[in-house]
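A short reminder: the numbers here are calculations on the coordinates, not readings from a lab. Predicted model, so just to flag it, every value in this text is computed and none were measured. Every residue, glycine among them, receives a Cβ derived from its backbone with ideal geometry; neighbour counts consider all protein chains shown.
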Amino acid sequence: MPHLVARYFFKMALKMRLKKSSPMSKSQGHGDDGTRFSYEMLKFRPEWQFDDPDTGAYYRSGVIPGELFFTSLGGDVQYKVVQKAVPFIERVFADGMFRNCDYARIADYSGVTKAAINARILYARTINRLNAANNCHSAVTYICGASHLIRTMLRIFSRVVTQRFVFVESVDEAFQHLNSGGSASELAESDEVVVTRSEIDDFAAMCGHFLFEDKDFSCSGNNYLALDHPLNELYKIIEVFHNDLRDLQKKEKEQRREIEAALEDARKLNERLAEEKRNVEEKEQVQQGLIEKLKKARTEAESANKAKSEFLANISHEVRTPLHAVIGMTELLIETKLDKEQRYYADTLYSSAEILLLLINDILDFSRIEAGRIDEEKEVFDLRQLFLDIIAVMKERASCKRLVLIGNLDEGVPDMVYGYPGYLKQVLLNLIQNAIKFTYRGEVTVTVSVVSETREEVVLKTSVQDTGVGIPQEKQHLIFQPFTQIDASSTRKEGGTGLGLAIVKKLVTFMGGEIQVESRETEGSNFSVILVFEKVDKESVHKSPEGATGMRADPKNSNVPESATEEQLVLLVEDNTINQKVAQAILEKMGYKVDIAFNGAEAVEALRQKKYGLVLMDLQMPVMDGFKATEAIRNSGQDFLNRDVPIIAMTANATKEDWQECIRAGMNDYIPKPVERKVMMDMLQRWLPLTDDR
């Protein structure tokens, strides 16, 4: 094998001959105006120039369009350098500098320190490709300032580039030859080369050592490496091949080590991933188990919450039903002629019934709040009127304890705001009731003032200050906790469930406000609530009448008689006989005529037979409940004498959901049991006012 390689290079050396350069055509030697080519005529564009910052190598191109392609190379020209330079060379042709023409090339190698053979082959093939793509041909290339080794390398693959090389010492010499239009010869070498067989054998052996053994040889000690020896340059080429081969082998070893290291890392990573996967799967199983437990717990909690709500609703209904009779009959009793002792008993009975009703309301409200069912929507309301109504209602209760209730409303407080009127009313009533409850002499002062305001919002502070017993400093942190009394002993003066302030705290928090307390024992307390309200243009507000429960009636479902001359006949739909007697007595004492139906089916039939001015409809009844009866009345044809009769729900189911369901069924208003006579009167005057002759 070494002999075959040596003979191949030796044969190539024997074929190297001197060639005469042919004269160039006019288009290759001169411009159209007859001027001579010069370096100054070259065009150099920045986008054609390449400099490699990593190696210091460079490719710099200049052109005389269609005539001459000049390239200056420098540095260590390796394969990767040429790869980077190719796009810059392609740009020269892409800019249309050489198309459909024959042109000459000048390549300045004076700055080249080293040039790899594979780099030269890539460069030559690039030029061939670009020539073919642009229908061009480079007839001759002048190689300037190349070393003997580079010249020998270029001779070897001169056939690859399909062009003739002319070797000159400098760029000036290349331009002189172009401008002369004459011929030029390569370096003269004898066609008759005498090489002995022993020299060929030595050369072959040396090639074998260079190419196939990992040894570092130096050619300087060989006798036949003199510059004039025929095998001199071939030895240098073999040395270049040897160096390139060693570099490739070194890179191959480095790459193999890197691959092995990468494979080892990948193996370890796969092991870690497999372990992580197992851990994740175990965690997922645990999480899935937890999720299933949470789902089960949630289902159980929802069931328990539902059962709790249903239980409280049933308790509320069952307690309110007899309480309705107690309060209603007591009110009727108080209005009769009673002696002093009887009136005392009746008043005590009425007060106790009211306290019981308040306790039931507190328990129901707290259970709804704890269940997260705080769902009242914001609405526009008259803040000043709400405040005045609350003060008016609570003044009577304060006067019963010989207390003075004072209401102060700053002038800057706006009339109309956007907020939660129902919850605000509940908060203020609770605070004022508490103040009256724990004050035995003196006064209770309620003040509403402006803290700050912008164009869109106003921050209001409502203070309820009393001169009561006060709260000890060490117990003030307990007052907003549910079921907590400051004095929980059996000898405490005032009763209660301890839910009032807990409800207030939760409602204030829901409305986005805060509540604070300042108190000294025996000196009184001051509760302050700070809330933010949106301002409303008073002129653009359309006020709708407010129902007896503090909820506004829906104008779409309000069928108020246009006059008070309609038949003043009320249909009372109630299955409980005691409640029938209470409601009938209250209505008749007000001056209304009353018919009674024991269930929804009887009510539907009664409305077919007689024209009623108003229907008081219970919800829970046998045969047909109040919802179905209302739907039957509203959705029927012309069977009813007054299909649009106002239907008022009167039930012990006192939740907001009940009210909404009533409206959806087609009812007009809602009044909860137990019904106070004044509340009943206000509702009837709104929907079925009595005529003057009544």
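Here is how the numbers come out for the structure above:
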read-out: Glu518/Tyr418 FRET efficiency (R0 30 Å; Cβ-Cβ; nearest 0.05); value: 0.50
read-out: Burial ordering of Met590, Met329, fewest other beta-carbon atoms within 10 Å first; value: Met590, Met329
read-out: Theoretical gain in end-to-end length, Asp95 to Gln481 [0.36 nm per residue, Cα-Cα removed]; value: 130.4 nm
read-out: Calculated FRET efficiency for the pair Gln176/Asn135, C-beta based, R₀ 25 Å, to 0.05; value: 0.25
read-out: Burial ordering of Tyr59, Tyr344, Tyr592, Tyr418, fewest other beta-carbon atoms within 10 Å first; value: Tyr344, Tyr418, Tyr592, Tyr59
read-out: Flagged links, alpha-carbon separation over 31 Å, of Lys80/Lys277; Lys337/Lys593; Lys401/Lys506; Lys340/Lys589; Lys395/Lys589; Lys461/Lys673; value: Lys80/Lys277; Lys461/Lys673
read-out: Two-site FRET efficiency, Ile334 against Glu657, from Cβ-Cβ distance with R₀ of 45 Å, rounded to 0.05; value: 0.85
read-out: Under 14 Å, Cβ to Cβ, from Glu260 - net charge with Lys/Arg +1 and Asp/Glu -1; value: 0
read-out: Virtual spin-label span in nm between Lys589 and Lys401, 7 Å along Cα→Cβ; value: 2.8
read-out: Exposure proxy order (Cβ contacts within 10 Å, fewest to most) of Ile117, Ile238; value: Ile117, Ile238
read-out: Set of the stretch 392-415 residues, backbone N closer than 18 Å to the point 7 Å along the Cα-Cβ line of Lys535; value: 410-415
read-out: Computed lengthening from Glu282 to Lys84, 0.36 nm per intervening residue step minus Cα-Cα distance; value: 66.1 nm
read-out: Contour excess over end-to-end distance, with Cα ends at Gln473 and Tyr344 and 0.36 nm allotted per residue; value: 42.6 nm
read-out: Amide H partners (placed H, <5 Å) of Thr651, local residues excluded; value: Ile671, Lys673
